[in-house]
Amino acid sequence: VVFIDACFKKETKHTPIWMMRQAGRYLPEYRATRAKAKDFIDFCRNSELATEATLQPIDILDVDAAILFSDILVIPLEMGMKLEFIEKKGPVFHDPVSCMEDLARLCKTPEENLGYVYEAIGKIRKNLAPDKALIGFAGSPWTLATYMVEGQGSKTFEKIKKEVYKNPVFMKALLATLTESVKKYLINQIDAGANAVQVFDSWGGALEEEKFFEFSWKYMLEISEYIKKERPNIPVILFSKGIGTYMDKIYGQFDVFGVDWGTPMKLAKDKLFEKYALQGNLEPSRLYDRGEMLKGAEELLNLFKGESGHIFNLGHGMIPDLPAENAKELVSFVHSYTKRS
Ligand code: CP3
């Protein structure tokens, strides 16, 4: 399987490509599937609809890997938090956590309430061609905690950063609780049929260097090391956004480092390619313009010419109004440009 081989830096017949948020609103087919559900949470809990959405980018774009259609926030949802996805605003928790008493009230075994995810994975794997990989995922403990403490998306992270500096004991208890659940959640996804797993740390870059390693990376590695010990053949991808300037200090046992668009790939390659495969990192906005897209893709691919271990991806998620035909052309360009006989 091309995607899996690339994660282990083995030679492949072409460079694999998939795109973060490849199942999403930019696809008319996705919007049609979403319309069948009452709301976004109902969509995530419906394994039939989740299977349909997961498989759409495979059929439409011919990407090398499917990523489970779900959301990172199903973990806090199944811990019992009151989650709502509000149109034009994004996710909101009506009952954010801010102290040990709040943490004590949460269910500590959300992975046991996520049967609908494992069921979807089984269905997807059954309907996916054998040469395509299925990627399972979870949010990093830090990124999940940002939503649980802030109660919604944030630009400044004032509430959670106050906890980091003023109340690290509470923060670490929350992060340790999430870490235990994410470990088991990902193992369950693998046992249901996921062929690789990615941990999304979208807000790692909100932390200064010392605190990033102490409050985010440490827990991501704990998860990765657990999976590498329990399921050594499953590639683990770690994606922290906005930490390009901390790359010198990246360490630990995992397979693929996800590079965000703000980090020059050349720099990531110099620092990390000796030890890890690299995934990324075309700026998603390049897909607004076909010429910019192809030029950016070619430059990125030229960095890895003749070398194994690059997985083409965007440097963050697909944007809802990007043209689907450009995404399609990007996939066929990457495949033909990197074809090895
Ligand atoms: O195709 C895929 O990549 C798989 C599905 C997926 C979704 N969310 C579906 C989704 C994945 C991997 C995620 C991860 C996720 N969710 C992250 C980490 C990755 C990142 O983007 O940084 C984060 C931070 C979230 C939390 C979240 N979920 C937000 C902030 C939003 C609202 C943003 C928006 O675009 O409206 C969501 C909702 C969400 N998750 C949508 C999708 C397709 C849009 C919901 C809709 O259809 O209205």
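The values are calculated or read from the model by the stated rules, or taken from the named source; none is laboratory data. From a predicted model like this one, the values you see are computed outputs, not experimental measurements. Heads up, the Cβs are rebuilt from the backbone with ideal geometry, glycines too, and the neighbour counts pull from every protein chain shown. Please note that ligands, DNA and RNA were not included when accessible areas were found on the heavy atoms of the full protein model with its side chains. Shrake-Rupley method; radii C 1.70, N 1.55, O 1.52, S 1.80 Å.
Once backbone amide H atoms are built at 1.01 Å from N, R21 has M318 as its partners under 5 Å, excluding neighbours fewer than 5 places away on the same chain.
Rounded to the nearest whole angstrom, the semi-axes of the ellipsoid equivalent to segment 233-341, taken from the Cα gyration tensor as √(5λ), stand at 23, 16, 12, largest first.
In sequence order, segment 149-157 has phi-based couplings of 8, 6, x, 5, x, 9, 9, 10, 6 Hz under the Karplus curve 6.51 cos²θ - 1.76 cosθ + 1.60, θ = phi - 60°, and Gly or Pro positions carry x.
Per residue, how many Å² of accessible area does segment 193-341 show with a 1.4 Å probe? All intermediate terms of the calculation are to be shown ahead of the outcome.
Values: 6140 Å² over 149 residues.
Normalised by residue count, the accessible surface of segment 193-341 is 41 Å².
For T15, the residues whose modelled amide H falls within less than 5 Å of its own, excluding neighbours fewer than 5 places apart on the same chain, are T338.
Heavy-atom accessible surface of segment 111-183, averaged per residue, reaches 39 Å², computed with a 1.4 Å probe. Relative to the globular-protein estimate of 2.2 N^0.38 Å, the Cα radius of gyration of the chain stands at 0.94.
For the chain, the longest principal axis of the Cα atoms and the long axis of helix 290-303 meet at an angle of about 90 degrees.
Here each label is just a point 7 Å from Cα along the line to Cβ, and for R31 and E325 those points are 1.6 nm apart. Between helix 47-61 and the chain there is an angle of about 30 degrees, using the helix long axis and the longest principal axis of the Cα atoms.
Of the accessible area of the chain, computed with a 1.4 Å probe over protein heavy atoms only, carbon and sulfur atoms account for 50 percent. Rounded to the nearest whole Hz, the Karplus-based 3J(HN,Hα) values (6.51 cos²θ - 1.76 cosθ + 1.60, θ = phi - 60°) of segment 249-262 follow the sequence 9, 5, 8, x, 8, 7, 9, 10, 9, x, 9, 7, 5, x, with x at glycine and proline. Convex hull volume per residue, computed on the Cα atoms of segment 109-208, equals 110 Å³.
Segment 1-56 and segment 151-225 have Cα centres lying 23 Å from one another. Applying 1/(1 + (r/R0)^6) with R0 = 35 Å to the Cβ-Cβ distance of D289 and K339 gives a FRET efficiency near 0.90.
Taking chymotrypsin sites (Phe, Trp or Tyr not before Pro) across segment 204-283, the ones in a DSSP loop with at most 13 further Cβ atoms lying within 10 angstrom of their Cβ are Y251. Sites listed here are trypsin sites (Lys or Arg not before Pro) in segment 244-332 whose DSSP assignment is loop and whose Cβ has at most 11 other Cβ atoms within 10 Å: K305.
Say the cut-off is 24 Å between C-alpha atoms; which of K13/K184; K89/K328; K126/K229; K183/K305; K183/K241 go over it? Mind dumping the intermediate values first?
Working: K13/K184 34 Å; K89/K328 28 Å; K126/K229 26 Å; K183/K305 35 Å; K183/K241 21 Å.
From K13/K184; K89/K328; K126/K229; K183/K305; K183/K241, over 24 Å: K13/K184; K89/K328; K126/K229; K183/K305.
Applying the criteria of a DSSP loop state and at most 15 other Cβ atoms within 10 Å to the GluC sites (Glu not before Pro) of segment 251-339 yields E274, E307. Taking amide hydrogens as placed 1.01 Å from N in the peptide plane, the amide H of E283 sits under 5 Å from those of G315, each at least 5 positions away in sequence or on another chain. What the pair-distance distribution of segment 1-138 shows, using all Cα-Cα distances binned every 5 Å from zero, is 2, 9, 17, 19, 18, 14, 10, 7, 4, 1, 0 percent.
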